[in-house]
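Just below is one structure, and these are the notes that go with it.
The values are calculated or read from the model by the stated rules, or taken from the named source; none is laboratory data. These figures come from a predicted structure and were not determined experimentally. Cβ placement follows ideal geometry from the backbone for every residue including glycine, while neighbour counts extend to all protein chains displayed.
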Amino acid sequence: MDYSQKIAAVLGIFLATIMLCAGSGFLCYLHGYQTGQEAGFAQGHVQGKEIGYQIGYQSGYEAGYKPRPEPQVTEGFILRNPTYQEMKAFLAQDVTNAKTYTKDEFVCTDFAAEVNNNAEAKGIRCAIVDIFYPDGYGHTIIAFETVDKGLIFIEPQFDREVTLTIGKSYSQINNFTPAPRADIIERYLIIW
Ligand SMILES: [Ca+2]
């Protein structure tokens, strides 16, 4: 081997070594890249899933959560059944009975409606009572469910306590002036 051949051999070994190192380095790089990428992907996937879940949960929670509205105390009122004396006291101070019955203007239903509304404006529970007479005629009065004497019917035109008996004349059983037409009570409805 002469000098130039020796140089060529040394260069060849040197180059082969560099290429080997470079190649293995590249392989290492590839391997490292792939492993790192896989690990990074796996971790990122888990974290991404977790973050995505939290964001989804939060937005879903916000969309689904509707706060219950605060009760509006101004929109409701409480009615209570009066004692018999409270009912009498209310009727004594209520002036509806002083009004005049006027055909087609202020009739039995108007008396009943007005006393009912006045009672309930004072927190006293009051019912409208529809009485059915023969031939499509009828009458309207009111009622209170007193706590001590039970259900009491009141004729609001006179503030008088009355009784209702099916099959009997309303004016007769309550000692009123006889009605101009049949006022036999066929049935009645109590509307609270
Ligand atoms: Ca009522």
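Data for the structure
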read-out	value
Single residue of region 103-115 satisfying the filter (over 14 Å from Phe153 (Cβ atoms) and crowded, with 17+ Cβ neighbours inside 10 Å) that is nearest to the ligand (Cβ to nearest atom)	Glu114
Subset of region 179-192 (residues that are more than 18 Å from Ala112 (Cα to Cα) and assigned to a strand (DSSP E or B))	Ile184
Search result, residues across region 133-156 that are part of a loop (DSSP other than H, G, I, E, B) and under 39 Å from the mean Cα position of the chain (by Cα)	Val147, Asp148, Lys149, Pro156
Extreme residue, farthest from Ala89 (Cα to Cα), among residues of region 116-132 that are more than 10 Å from the ligand (Cβ to nearest atom) and buried (at least 19 other Cβ atoms within 10 Å of the Cβ)	Ile131
Qualifying position, being within 15 Å of the ligand (Cβ to nearest atom) and either assigned by TED's automatic domain parsing to the domain that holds Gln157 or at pLDDT below 95 (or both), among Thr96, Thr100	Thr96
Sole exception among (1) surrounded by 13 or more Cβ atoms within 10 Å (Cβ to Cβ); (2) not in a loop (DSSP other than H, G, I, E, B) for Gln85, by number	(1)
Residue within region 129-141 that is without any contact (Cβ under 8 Å) to a residue 40 or more places away in the chain, among the acidic types (Asp, Glu) and more than 20 Å from Gly76 (Cα to Cα) present	no
Meets criteria (of a type in the set (Asp, Glu) and touching a residue at least 40 places away in the same chain (Cβ under 8 Å)) for Glu114	yes
Qualifying residue in region 157-178 (condition: of a type outside the set (Val, Ile, Thr), away from the ligand (no atom under 16 Å from the Cβ), assigned to a strand (DSSP E or B) and within 20 Å of Asn117 (Cα to Cα))	yes
